[in-house]
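Structure record follows, encoded as structure tokens.
Throughout, read-outs are computed from the coordinates displayed, never taken from laboratory work. Nothing here was measured: the structure is a model prediction, and the numbers come from that model. In this analysis, Cβ positions are derived from the backbone assuming ideal geometry, glycine residues included, and neighbour counts consider all displayed protein chains.
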Amino acid sequence: MKRVSGGMPAVERSDFLRGITFGSRDVEVVLTSYQTLASSEEDFRVFLSRKDRRTMMVLDEAHYIKNVEGTWAAAALSLADHAAARVILTGTPAPNGYEDLYNLIKFIYPKKNIIGFPMPSLKAMSAGTMDRAIPELKSKIRPFYTRIKKADLGLPPAQDKIVIVEMESEQEEIYRKIERKIVPLLKIDREDSGSHVRVKARLMRLRQAAVNPELLLKPLEDERLLEVDTTEFSLDELKLAELIQGFDSSTSLARIKRCRELVERILTEQGKVLIWSYFLGNLEMLKDQLSDLAHFVEVLTGGTPVSSGDDDEYLIGTREEIIDRFHRESGRAILIANPQAVGESISLHKACRSAIYFDRDFNAGRYIQSKDRIHRYNPSGGEQVTYYHMIAPATVDESIDMRLTLKEQRLMDLVDTDDIPLFADPAADALDDITAIIESYEKRRAAVV
């Protein structure tokens, strides 16, 4: 097996794919990324067209080529006809609508019109204006795919546990002041279709106040989640500068204290634990606060170097090296990670069976992907998996938990069918998230009155 990556020198990569490198003809499996496929398209064309072999081209996570105008899609479709056989693998074939199927089917049969409908018609089906054509579409594509449902995998049992975290008085005061300011603004934003950026910023601040008020001292750009002018949320405007600047998470954050207690118990019983946080500012704080509990305490983020080739796979500090050490560690081990960066790309089920969600957001797809890091098929079986969700009562945490539970069940119902699953409209979903926050806030206010 050979991994062909962007980290390889261009000449070396080209020579290997063109069969010039000594021993290249003996390699039976070649792994690459969509980025490398697109940047070395001509070399891969030569590789697939070589007379000394017949090559099957397999696209994993094939939904990455759904964009008809995308560079990755263009490269994959251009190369499809040069492969002797083609297979696609994806758990989300149509995340946005039936139009997402167009490139997938075209890749499998580049010279045949299997799908039978142009792109505008597929979009119309997704929009609900061509419902009568949907059965015909499904009939056309049904012979060309098979679905393996999660229920078919024989996974070990999994359970979700709520960990209630009562905020201490300092954080409670900060959160309530921010909530009273932001929720009424969300009601106004809900009626404005152009307020998407403002809404994301407001929700971010509300979540930060519930999870760790120290995060409010940082502009949103520092979280690398959204580039937005945050002057509307300045500390002066919110009249919270003194409270927030005086907040010390090491002494006043009940969530970290409760997390530490939970980690100690899990380490005693199982030896290893995975902790998720959506805020970069929390990751190093968690590492600092928990470093005395285990010999191995490491953080994985989008900034963690990824090995670019076979030679540096286990260089100290790369994602692969950290994960490998987590698996091999014989003593206590804590891995702290960011779902936005690594929620889809690591497998930890053989090393760990407990995950703590220090905080969450409303993104159900990302949440489910992160859960699957420790809940995967294992030929040797496996023990029960447990997810611990930290929630501050009467805060946005409760709205997030309620909405994620609903979305997760809806997504699981879709995925565990033989049909092609279509997921909810993101815009409508976001509106429902906002409504849940507003309704929870107003219900609590009414109860006080």
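A compact table of results
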| quantity | calculated |
| --- | --- |
| 5 angstrom amide H check on GLU168, placed H, neighbours 5+ away | ALA254 |
| Least to most buried among TYR109, TYR441 (fewest other Cβ within 10 Å first) | TYR109, TYR441 |
| Placed amide H near MET390: partners under 5 Å, 5+ positions off or other chain | VAL163, TYR357 |
| Least to most buried among ARG366, ARG360, ARG180 (fewest other Cβ within 10 Å first) | ARG180, ARG366, ARG360 |
| Additional length obtainable on full extension of the chain from ILE114 to ASN96, 0.36 nm per residue less Cα span | 4.5 nm |
| Amide H contacts under 5 Å for LYS272, placed H, 5+ residues apart | ALA333 |
| Calculated from backbone phi, Karplus (6.51, -1.76, 1.60) coupling profile of segment 351-358 in Hz, x at Gly/Pro | 10, 8, 10, 9, 10, 10, 9, 5 |
| Exposure proxy ranking, count of Cβ atoms within 10 Å, fewest first, for MET57, MET119, MET130, MET390 | MET119, MET130, MET57, MET390 |
| From phi via Karplus (6.51, -1.76, 1.60), per-residue ³J(HN,Hα) for segment 200-211 in Hz, x at Gly/Pro | 4, 5, 5, 4, 4, 5, 5, 5, 4, 5, 6, 8 |
| The chain, relative contact order [Cα under 8 Å, separation at least 6], % | 16 percent |
| Per-pair calculated FRET efficiency, R0 = 56 Å: ILE162 and VAL30 via Cβ, rounded to 0.05 | 0.75 |
| Estimated 222 nm signal from helices in the chain, with DSSP H stretches of n ≥ 4 weighted -39500 (n - 2.57), rounded to 500 | -13500 deg cm²/dmol |
| Karplus-derived 3J(HN,Hα), 6.51/-1.76/1.60, for each residue of segment 2-19, Hz, glycine and proline x | 9, 9, 9, 10, x, x, 6, x, 4, 5, 5, 4, 5, 4, 5, 5, 8, x |
| Furthest towards positive pole of dipole, PHE326, VAL4, MET119, structure part the chain, Cβ charges | MET119 |
| Rounded FRET efficiency, nearest 0.05, which uses the C-beta distance separating ASP413 from ALA254 and R0 of 41 Å | 0.70 |
| Nearest-0.05 FRET efficiency for ASN67 and LEU185, computed from C-beta distance (R0 35 Å) | 0.55 |
| For the chain, share of DSSP beta bridges that run antiparallel, in % to the nearest 5 | 0 percent |
| Extension gain (nm, one decimal) between GLU439 and ASP131, 0.36 nm per residue minus Cα-Cα | 107.5 nm |
| Distance histogram for segment 46-168 (every C-alpha pair counted, 5 angstrom bins, percent rounded to whole numbers) | 2, 9, 16, 18, 16, 11, 8, 7, 5, 3, 2, 1, 1, 0, 0 |
